[in-house]
Amino acid sequence: MIKENPMMQTPQPQQESQSVPTGWQQERLRRQPPQPQPNPGQIQQPAPYNAEAAMSIRGLAKVFGKKLAVNRIDLDIPVGSFYGLVGPNGAGKTTTLKMATGLLRPTAGGAAIRGTDVWAHLNECKRKMGVMPSSDELFTRLTGLQTLVYAAMLRGINRATAKDRATDLLAALDLTDSANALVQDYSAGMTKKIALGTALIHSPQLLVLDEPFEAVDPVSAANIRQILKQYASTGGTVIISSHVMALVEQLCDHVAVISQGNILAAGTTQEVSGGMSLEDKFLSLVGGIHSENNLTWLNQQSAPENGQEPGLAHPAPTATASPPSTRQED
């Protein structure tokens, strides 16, 4: 009979002792602020996606540390619509669009493109979308032409077709003269236009544009509006975020108002505005208008006339003429 060597027996795992917090630890736990959570009053299990919608968002939420940025929102963007997501700065517009397009993982909920879950089938959904990158996401050491050709070839378009489409887009966006200049040398408006071109070049079913008209000159903005309207008229869907109500009211047939991560109203532009201008309706929903302010020092009627600022012992010095510069101007 073989006897087991007690020195060779397999050690048994020890039971972990449950440590009891000391008094100061209990007090520290009690004082810790609760972690932000999506609104418990809303449905915890999101409703099914709308397979008929160009984009369907269900229970989408995002928490950054202790800040609840987006609070379990639901939206359906109809196919062929021009949809505006409007809200003040910091309302959650960009965060919502990044989560819905697979660029930022949500804390809860998700989005679908024509019934296909974005996060479950990321590559398939990204092929259907054109998302305008921010300026810091572009390869600035490429020229404008190279940027567009590169974006097209990443989408599987052959080089010849990519170059033809890039040339067409450069002309439509008034960038032909700057086609061979590096993107790092572009102005803010030119950079915005080349970023838009990268979203358009593969002719996606859905365009998602975050502040597409920011820093763009009026002539280029008019051309961009024409391009987007023509695209939507052929069945394409456009989602734009903006805080410029006049622009959204002019362009969009559907709109959603977001503030502090919550959807306050959504529907057709007429339904949301309710007979008011969109700006007035937006202000009534969001609020934040100050009836009074404490900037009494801006009152020019009571400003000193001798150039002396209040609280100064002596008048402000007057500017003296400097000798002419020998530097050549550009």
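The values are calculated or read from the model by the stated rules, or taken from the named source; none is laboratory data. Nothing here was measured: the structure is a model prediction, and the numbers come from that model. Note that each Cβ is placed from the backbone with ideal geometry, even for glycine, and that neighbours are counted across all protein chains shown.
A few remarks follow.
- Selection within segment 60-79 - surrounded by fewer than 20 Cβ atoms within 10 Å (Cβ to Cβ) and under 18 Å from Thr116 (Cβ atoms): Asp74, Asp76, Pro78, Val79
Condition check ((1) at pLDDT 95 or above; (2) assigned to a strand (DSSP E or B); (3) over 18 Å from the mean Cα position of the chain (by Cα); (4) crowded, with 18+ Cβ neighbours inside 10 Å) across all residues:
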| site | (1), (2), (3), (4) |
| --- | --- |
| Asn223 | no, no, yes, no |
| Gln226 | no, no, yes, no |
| Gln230 | no, no, yes, no |
| Ile240 | yes, yes, no, yes |
| Val255 | yes, yes, no, yes |
| Ile258 | yes, yes, no, yes |
| Val272 | yes, no, yes, yes |
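- Residue in segment 222-231 that is of a type in the set (Phe, Trp, Tyr) and closer than 22 Å to Asp76 by Cβ present: yes
- In segment 99-113, the qualifying residues are those that are under 15 Å from the mean Cα position of the chain (by Cα) and crowded, with 19+ Cβ neighbours inside 10 Å, and the one that is nearest to Gly197 (Cα to Cα) is Thr101.
- Checked against the criteria, Ala91 counts as farther than 16 Å from Gly59 by Cβ and either basic (Lys, Arg) or in contact with a strand residue (DSSP E or B) (Cβ under 9 Å, 6 or more places away or on another chain) (or both).
- Selected residue (only one of Thr116, Thr167, Thr176 is surrounded by fewer than 20 Cβ atoms within 10 Å (Cβ to Cβ), within 22 Å of Ser81 (Cβ to Cβ) and at pLDDT 95 or above): Thr116
- The residue pairs whose first member lies in segment 85-103 and is closer than 13 Å to Ile240 by Cα and in contact (Cβ under 8 Å) with a residue 24 or more places away in the chain, whose second member is small (Gly, Ala, Ser) and part of a loop (DSSP other than H, G, I, E, B), and whose beta carbons are closer than 7 Å, counting only pairs six or more residues apart or on different chains, are Lys93/Gly87.
- Members of segment 182-221 found to be touching a residue at least 60 places away in the same chain (Cβ under 8 Å), in contact with a Leu (Cβ under 9 Å, 6 or more places away or on another chain) and assigned to a strand (DSSP E or B), listed by number: Leu207, Val208, Leu209, Asp210
- Yes/no for Leu175 being of a type outside the set (Lys, Arg) and free of Cβ contacts under 8 Å to residues at least 60 places away in the same chain: yes
- Residue count for segment 134-149, restricted to those that are surrounded by fewer than 17 Cβ atoms within 10 Å (Cβ to Cβ) and within 24 Å of Thr94 (Cβ to Cβ): 6.
- Subset of segment 242-253 (residues that are at pLDDT below 95 and not in a helix (DSSP H, G or I)): Ser242, His243, Val244
- Failed criterion for Thr96 (all others in (1) touching a Ser or Thr at 6+ places or on another chain (Cβ under 9 Å); (2) more than 25 Å from Asn262 (Cα to Cα); (3) hydroxyl-bearing (Ser, Thr, Tyr) hold): (2)
- Gln226 being closer than 28 Å to Glu279 by Cβ and either aromatic (Phe, Trp, Tyr) or out of contact with any Asp or Glu (no Cβ under 9 Å at 6 or more places or on another chain) (or both): yes
- Any hit, segment 310-329, residues being surrounded by 11 or more Cβ atoms within 10 Å (Cβ to Cβ), in contact with a His (Cβ under 8 Å, 6 or more places away or on another chain), farther than 30 Å from Ser259 by Cα and at pLDDT 60 or above: no
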